[in-house]
């Protein structure tokens, strides 16, 4: 049986402050560090071993992966990083406390921005410091591909090409794969693989640092997924 393990990063400092984080490079909180170590110990207990790891360009995911690899005694594992696995970009909402935004725009509007499938939050200008094109780590990415604000639908369109071109060929080559990313990039991947309805995917909550095991049959079609606890 072929398996892939998906893990959302541990709690970040901005998660703790209830801020829209998106592509902002927030560090892990102390709780987040402990969550990552706990996830690593859980994988070690279940005797998971990996051939390849994938993560985003954001340190909350990168550091979570590092804590996990240390706990499972695989710090040497080959890791590929890609902006395509980054969290959804929340546009002009990034950096603001969620409750403050609710007070300003109303609960229903914020719920649409956060949980609808195709509604995009207010976008930012390319001169805004929050635009990824102003960050050196994305200097090798076509500026037209970098987001100014994304819906889940747009996030899916950047995540799936990475799955198809990079991860899926490794799976077919029988590699044991670990992916440490973000709530929305993982929701995007699960939606695609399990063909989840646009309305149903909105209900999917992915907790921080809880391993998700995806099982595939001999034809590499996903059969089921579950949380490892």
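Here are the numbers for this structure:
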| item | result |
| --- | --- |
| Projected area, mean over directions - segment 23-110, Cα convex hull, nm² | 7.2 |
| Evaluated over segment 63-131, the Cα radius of gyration and Dmax, each in Å | 17.3, 48 |
| Nearest 10 degrees, 0 to 90: helix 59-71 Cα axis against the chain principal axis | 20 |
| Inter-label distance, nm, simple model (7 Å from Cα along the C-beta direction), residue 111/residue 140 | 4.4 |
| Length gained when the stretch residue 197-residue 16 is fully extended (0.36 nm per residue, less Cα-Cα span) | 62.1 nm |
| Mean Cβ count within 10 Å, highest first, over the residues of peptides 26-33, 167-174 | 26-33, 167-174 |
| Volume in Å³ per residue [convex hull over Cα atoms, computed for segment 148-223] | 104 |
| Part-to-part distance (alpha-carbon centres) for segment 189-228 and segment 8-78, which is given in Å | 19 |
| Relative exposure of 70, 81, judged by other C-beta atoms within 10 Å (fewest first) | 70, 81 |
| Cβ crowding within 10 Å averaged over residues, with 147-157, 200-210 ranked highest first | 147-157, 200-210 |
| From the coordinates shown, Rg/Rh (Cα atoms, Kirkwood Rh) corresponds to which of (1) 1.24; (2) 1.02; (3) 0.95 | (3) |
| Within a Gaussian network of the chain (alpha carbon springs, distance under 10 Å), most fluctuating of 143, 124, 177 | 143 |
| Within the chain, percent of DSSP bridges classed antiparallel, to nearest 5 | 50 |
| Max mean-square fluctuation residue, GNM over the chain, Cα-Cα springs under 10 Å, options 47, 98, 38 | 47 |
| Approximate spin-label separation residue 70-residue 100, in nm, with each point projected 7 Å along Cα-to-Cβ | 3.3 |
| For the chain, calculated [θ]222 nm from helices alone, where every DSSP H run of n ≥ 4 adds -39500 (n - 2.57) | -10000 deg cm²/dmol |
| Mean Cα-pair separation over length for the chain, i.e. relative contact order, pairs under 8 Å, 6 or more apart, % | 32 |
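Read-outs: derived from the displayed coordinates by stated rules, not from any lab. All values reported here derive from a predicted model rather than from experimental measurement. As a convention, Cβ positions derive from the backbone with ideal geometry for all residues, glycine included, and neighbour counts pool all protein chains shown.
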